[in-house]
1. Condition test on residue 308, is it in contact with a Gly (Cβ under 7 Å, 6 or more places away or on another chain), of a type in the set (A, V, I, L, M) and touching a residue at least 12 places away in the same chain (Cβ under 8 Å)?
2. Among the numbered conditions (1) in a helix (DSSP H, G or I); (2) in contact with a Ser or Thr (Cβ under 7 Å, 6 or more places away or on another chain), tell me where residue 280 comes up short.
3. Test residue 387 against the criterion of being touching a residue at least 12 places away in the same chain (Cβ under 8 Å), over 30 Å from residue 220 (Cα atoms), in contact with a Leu (Cβ under 9 Å, 6 or more places away or on another chain) and part of a loop (DSSP other than H, G, I, E, B), and give yes or no.
4. Can you tell me which residue is modelled with the highest pLDDT among those in segment 249-261 that are in a helix (DSSP H, G or I) and loosely packed, with under 15 Cβ neighbours inside 10 Å?
5. So which of 78, 53 is open to solvent by less than 60 Å² (accessible area, probe 1.4 Å) and more than 19 Å from residue 136 (Cα to Cα)?
6. Looking at 362, 321, which is the one that is under 30 Å from residue 214 (Cβ atoms), at pLDDT 90 or above and surrounded by 17 or more Cβ atoms within 10 Å (Cβ to Cβ)?
7. Looking at (1) part of a loop (DSSP other than H, G, I, E, B); (2) open to solvent by 30 Å² or more (accessible area, probe 1.4 Å), find the lone condition where residue 218 falls short.
8. In segment 112-137, which residue that is in contact (Cβ under 8 Å) with a residue 60 or more places away in the chain and among the acidic types (Asp, Glu) is most open to solvent (accessible area, probe 1.4 Å)?
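The values are calculated or read from the model by the stated rules, or taken from the named source; none is laboratory data. What you see is a predicted model; the values in this text were computed from it and never measured. Here the Cβ positions follow ideal geometry from the backbone for every residue, glycine too, while neighbour counts run over all protein chains shown. Areas reflect the complete protein model, heavy atoms only, side chains present, ligands, DNA and RNA absent. Shrake-Rupley method; radii C 1.70, N 1.55, O 1.52, S 1.80 Å.
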Amino acid sequence: MSTDTPNSNLLENSNGAAQYASNGRTAYEGDHPGDKYLVDEDSAQPPELTIVMPTLNEEQGIAECIRRIKNALVEMEMTGEIVVSDSSTDRTPEIAESLGARVVVPDKPGYGYAYMYAFERARGDYIAIGDADCTYDFEELPKLYELVANGDADMAMGSRLEGEILPGSMPKLHQHIGNPLLTKFLNVFYRAGVSDAHSGMRVFSREALETMDLKSTGMEFASEMIMEAGAKDLTIEEIPITYHPREGEATLESFSDGWRHVKFMLVNAPGHLFSIPGMVLGVVGMLVMGLAYTSVPVGPFSLGLNSMIAGSLLTLVGYQVASLGAFATVASDPIQKANDPFTTWLTQRVSLERGATIGLGVFGVGAAYAALVIGRWFGSGFATVPVAEANIVAFTAIILGIQVIFGSFFLSSVAE
């Protein structure tokens with residue numbers, strides 16, 4: 001390959017090709033055995049495997065990543081294409097193109113969007129993804145690909161937490177708190193059953209990609225993929241991998257990106273966010289009210305009027321929070337719909353008419369007793385009426401009935 005850069009600027013890269021230093025043009029010389037397995041974009045022969053890497057100023061790591069990908073293709077003896085979804089301002093795209101990768105430039109920003117933009121242009125029956133900073137060793141691709149190609153998994157992931165994390169590769173906060181905690185969230189909420197939910201090294205079939213129906217454009221894309229796979233009963237298998245120190249500057253912001261993942265997981269699981277906490281609050285509230293009303297002692301304690309007020313508050317708040325789970329399930333089409341008994345009953349069996357009737361019944365019982373109290377108040381010459389446990393029950397019923405009536409109207413309106 002010809003160049004106008006002086007030979008003094010040449011550096012030797014890891015695959016024996018000549019790379020120009022940062023003060024000159026970039027060029028590469030020399031062939032790699034894996035070049036013969038790369039399928040050109042215009043080739044009539046589609047690749048068996050597409051490897052996608054999103055890049056943002058990855059000039060220090062992109063060449064080594066492509067070399068390792070080629071080594072993997074040689075080992076597997078299969079055709080492939082390398083698609084670099086690039087938003088760089090440095091030499092990353094020209095380095096990638098000179099080594100045989102196809103560079104595409106997303107028309108919108110975002111980590112998730114970079115992937116989806118590339119997926120639309122990928123031609124392989126199987127797709128592999130990973131970062132271009134050398135943290136993931138693409139020479140480990142064959143063992144992940146084999147799981148998917150053999151039908152043992154719809155998606156195979158490399159587990160860093162079950163594998164080896166080399167010194168300096170991952171901050172201790174991420175290794176011992178952040179990643180395990182986010183993985184726990186995903187396993188509980190979405191039945192993912194994985195050890196390292198945010199590993200970026202994955203292989204999946206095109207059919208699995210279409211089933212997941214991914215939409216996230218930001219960093220939460222990594223979580224969405226696991227959430228969709230878990231919610232749609234796709235099989236996920238893991239293989240331990242080695243995680244390496246990063247080449248180049250880190251772009252991850254620990255707390256803000258971590259919160260985006262948590263928020264995304266919560267809003268897409270309204271059963272865990274709303275329904276279950278609401279039902280717990282409501283049951284505890286009604287239990288407290290029942291014990292206080294019947295004067296049944298709880299061990300050495302007897303619940304009285306103040307406990308009755310607290311129970312009423314918990315009951316009302318519990319119903320309101322639980323009903324939000326039903327509203328979110330109907331209105332927002334979350335990944336993991338709430339399927340608890342309360343939400344299922346409310347969304348599938350309670351029509352506007354039935355819900356309004358139930359609400360009117362509850363309201364009517366409370367209103368009837370309140371009318372008696374008001375009558376006594378008139379009869380006593382507007383003297384102070386003592387607050388009794390039954391009064392609190394009645395007023396709780398009134399408020400709860402109103403919530404049910406208007407909640408039924410709202411649920412009906414968002415469902416249409």
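1. Against the criterion (in contact with a Gly (Cβ under 7 Å, 6 or more places away or on another chain), of a type in the set (A, V, I, L, M) and touching a residue at least 12 places away in the same chain (Cβ under 8 Å)), residue 308 does not qualify.
2. Here residue 280 clears every test but (2).
3. Answer is yes for this residue.
4. 259
5. On inspection, the qualifying residue turns out to be 78.
6. Answer to the check: 321.
7. The one condition residue 218 does not meet is (2).
8. The residue in question is 125.
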